[in-house]
């Protein structure tokens, strides 16, 4: 009889461990931080690469749609100027975007950005999918990024993966992709 009582409790605890940290910035903070970039609509895959062994440490998306935002699944970037709602980070003006890249690029890691210009409709679709994705548990950044991209026309070839470097290599095959590498030594 005791096992029947404990089993549901254990199941709830296990499922709770599978969710990411739930963060919900206020409407006021989100509205105040909103940044509209005048560049073309685009989707940028951000990959953090270990300088020692070339492995991938993180995947994220910079989305330039109705606003420029970052989908930072299971990410640790925090700034009062960039309010977050469950891994969806607002306020990505040029200063905050540089801060985001600089947060990841350091002596042990560099950042690879791969940008593809898209239609406003595609940018908005990625924006909405990322906004509604929810908090992502640790270790699932690549999986959540590919779950979103797999639903978007033009990105189906990326497929599903947990591995940031594998995702980066597939993204590199998209037509018109522009790649940059960011190194910092601090």
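For residue 179, the test of being part of a strand (DSSP E or B) and either at pLDDT below 95 or more than 26 Å from residue 23 (Cα to Cα) (or both) is passed.
Against the conditions (1) touching a strand residue (DSSP E or B) at 6+ places or on another chain (Cβ under 9 Å); (2) in a helix (DSSP H, G or I); (3) over 19 Å from residue 131 (Cβ atoms), residue 95 satisfies every one except (1). Does residue 65 fit the bill of being more than 19 Å from residue 140 (Cα to Cα), in contact (Cβ under 8 Å) with a residue 12 or more places away in the chain, over 15 Å from the mean Cα position of the chain (by Cα) and buried (at least 20 other Cβ atoms within 10 Å of the Cβ)? Spelling it out, it is not the case that residue 65 is more than 19 Å from residue 140 (Cα to Cα), in contact (Cβ under 8 Å) with a residue 12 or more places away in the chain, over 15 Å from the mean Cα position of the chain (by Cα) and buried (at least 20 other Cβ atoms within 10 Å of the Cβ). Taken over region 156-170, the criterion of being without any contact (Cβ under 8 Å) to a residue 40 or more places away in the chain and closer than 16 Å to residue 181 by Cα is satisfied by 169 alone.
For region 15-38: of the residues being touching a strand residue (DSSP E or B) at 6+ places or on another chain (Cβ under 6 Å) and not in a strand (DSSP E or B), which is surrounded by the most Cβ atoms within 10 Å (Cβ to Cβ)? Can you show your working first?
The initial filter retains those residues of region 15-38 that are touching a strand residue (DSSP E or B) at 6+ places or on another chain (Cβ under 6 Å), namely 23-25, 35, 37.
Narrowing further to those that are not in a strand (DSSP E or B): 23, 25, 35, 37.
Numbers: 23: 14, 25: 20, 35: 18, 37: 16.
So, considering only residues that are touching a strand residue (DSSP E or B) at 6+ places or on another chain (Cβ under 6 Å) and not in a strand (DSSP E or B), the one surrounded by the most Cβ atoms within 10 Å (Cβ to Cβ) is 25.
Every residue, every condition in (1) assigned to a loop (DSSP other than H, G, I, E, B); (2) within 13 Å of the chain's Cα centre (by Cα), yes or no:
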position	(1), (2)
124	no, no
127	no, yes
135	yes, yes
138	yes, yes
142	no, yes
147	no, yes
151	yes, no
161	yes, no
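Each residue in region 119-136 was checked for being more than 13 Å from residue 148 (Cβ to Cβ) and surrounded by 20 or more Cβ atoms within 10 Å (Cβ to Cβ), and 0 of them qualify. Selection of region 88-117 for residues being within 22 Å of residue 27 (Cα to Cα) and touching a helix residue (DSSP H, G or I) at 6+ places or on another chain (Cβ under 8 Å) yields 88, 89, 90, 91, 92. The set of residues in region 167-177 being over 11 Å from residue 48 (Cα atoms) and out of contact with any helix residue (DSSP H, G or I) (no Cβ under 8 Å at 6 or more places or on another chain) consists of 169, 172, 175, 176.
Report yes if residue 109 is exposed (fewer than 14 other Cβ atoms within 10 Å of the Cβ), in contact (Cβ under 8 Å) with a residue 60 or more places away in the chain and touching a strand residue (DSSP E or B) at 6+ places or on another chain (Cβ under 9 Å), otherwise no. In short, no. Of the candidates 73, 80, the single residue that is buried (at least 18 other Cβ atoms within 10 Å of the Cβ) and either modelled with pLDDT under 95 or closer than 23 Å to residue 134 by Cβ (or both) is 73.
The values are calculated or read from the model by the stated rules, or taken from the named source; none is laboratory data. All values reported here derive from a predicted model rather than from experimental measurement. Counting neighbours? That spans all protein chains shown, and the Cβs are built from the backbone with ideal geometry, glycine included.
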